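The numbers here are math on the coordinates, done by the rules we state, and not lab data. None of these values were measured; they are calculated from a predicted model. Glycine also receives a Cβ, built like all others from the backbone with ideal geometry; neighbour counts cover every protein chain displayed.
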Amino acid sequence: MKEINETTVNEHTAIQRLVVGFSEKPFDIFLINTGDISLVGQKSPARINMESEQLRKCCLVEPHMIKGALHSIEMLQEGYEVKYKIMQPAEIAAVFSNMSPLDELSYPLRRLVNGGETAQPMEYWENCAGNPSTLDGDEQVVREAMNTLLNGSLQAGMTVYDPACSTGAFLAYLKTIAPGIKTVGQDINPAMVEIAKGKVDEVHLGDSSAPACMDNTADIVICRHLNLDVVTSDVAKELFLSASRTLKTNGLMIVLGHTPILLTSAWMELQGYTALNRSMLTTSGHAAFQLYLFKKK
């Protein structure tokens, strides 16, 4: 990864150039689109919360990771070229603190190996089942945000479906918010299904391309598997459409994860959804993370 001061546009504004190889970590480059400006940044370890000094590379982005205002992104022979206008820290902090729920945080660059996207093999996820606390810990800040995101939306009698439920911790947390909901989980990994039993009302073993829920029966669907390392972009689109079939009209679709989401809000909205959230700030406001909330038309 190379970064150089390429040119000076005028005496006040400098354009910086960053080149990232296809097989390096282009997925660390993120954009925050506020409508008025697109900020570009590079992910690094973040504070999990304001009280802790522990740094961890996770789903969180903080203002100090933002490099400036996006100028352009181009694909070169050796990788991606990102150009941006340098901004002062105070300017960046002001834009960040004024982010609205409809401002999108996205990761536009894909890791390419021999010209194509890659995902982790099944063996990788089977090994993860041996350390469920790490998986659950990475999503803690996202789970806690559900209190704010779904305030008043979770009602007794609703069915909440997660087609890739992992340990079941996410569905179990939602049940603490609204004990009267019915939680339905599914996972392709037998070990994860065993872990989820006892946390989720109904757990199924199976590929999410064949949903355990019938069409138009779920009030809320949670997609936590449309992410880097889990699948490729093309597969993510197929799985989104599979999950979408299970959702009732006016139901809520939540798309999240602790690695970059591979789909854009624009594409998902074209599938018949209205965006209610395209990003979210932590409860302390110190960091932002990807989270999409849609209402099915």
| note | Kirkwood-based Rg/Rh on the Cα set of region 234-297 evaluates to 0.99
| task | Just subtract the alpha-carbon distance of Leu102 and Gln88 from 0.36 nm times their residue separation and send over the number in nm, one decimal. | result | 2.6 nm
| With each run of n ≥ 4 DSSP H residues scored as -39500 (n - 2.57), what mean residue ellipticity at 222 nm is computed for the chain after dividing by its residue count and rounding to the nearest 500 deg cm²/dmol? | -6500 deg cm²/dmol
| remark: Per region 2-113, sqrt(5λ) over the Cα gyration tensor eigenvalues, sorted largest first, in Å, gives 22, 19, 13
| field | Isotropically averaged projected area of region 122-296, using the convex hull of Cα atoms (one quarter of hull area), nm² | value | 9.1 nm²
| DSSP beta bridge pairing in region 122-296, given as percent antiparallel to the nearest 5 | 40 percent
| query | What are the residues whose amide H is under 5 Å from the amide H of Leu112, where those residues sit 5 or more places off or on another chain and H is modelled from the backbone? | reply | Ser23
| said: Nothing charged except the Cβ atoms of Lys and Arg (+1) and of Asp and Glu (-1): what's the magnitude of the dipole of the chain about its Cα centre? Round to the nearest 20 debye. | reply: 500 debye
| Looking only at region 156-189, which residues have a backbone nitrogen under 18 Å from a spot 7 Å from the Cα of Ser52 in the C-beta direction? | 169-170, 173
| query | Sorted from fewest to most neighbouring beta carbons within 10 Å, what does the list Asp207, Asp103, Asp162, Asp36 look like? | reply | Asp36, Asp207, Asp103, Asp162
| task | Pop the C-beta distance of Ser23 and Ala156 into the FRET formula with R0 = 51 Å and round what comes out to the nearest 0.05. | result | 0.55
| Label points 7 Å out from Cα along the Cβ direction at Leu276 and Thr118: separation in nm? | 3.9 nm
| Rg(Cα) of the chain divided by 2.2 N^0.38 Å? | 1.02
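Restricting the count to DSSP beta bridges whose residues both fall in the chain, what percent are antiparallel, rounded to a multiple of 5? Walk me through the numbers before you get to the answer.
Details: 47 of 64 bridges.
Taking every DSSP beta bridge within the chain, about 75 percent pair in antiparallel fashion.
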| query | How far apart, in nm, are the 7 Å Cα→Cβ label points at Ser44 and Asp201? | reply | 4.6 nm
| remark: Assertion target for His204, His71, ordered by fewest C-beta neighbours within 10 angstrom first, is His71, His204
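Fewest to most neighbouring Cβ within 10 Å: what's the order for Phe170, Phe289?
If I rank by nearby Cβ atoms, fewest first, I get Phe289, Phe170.
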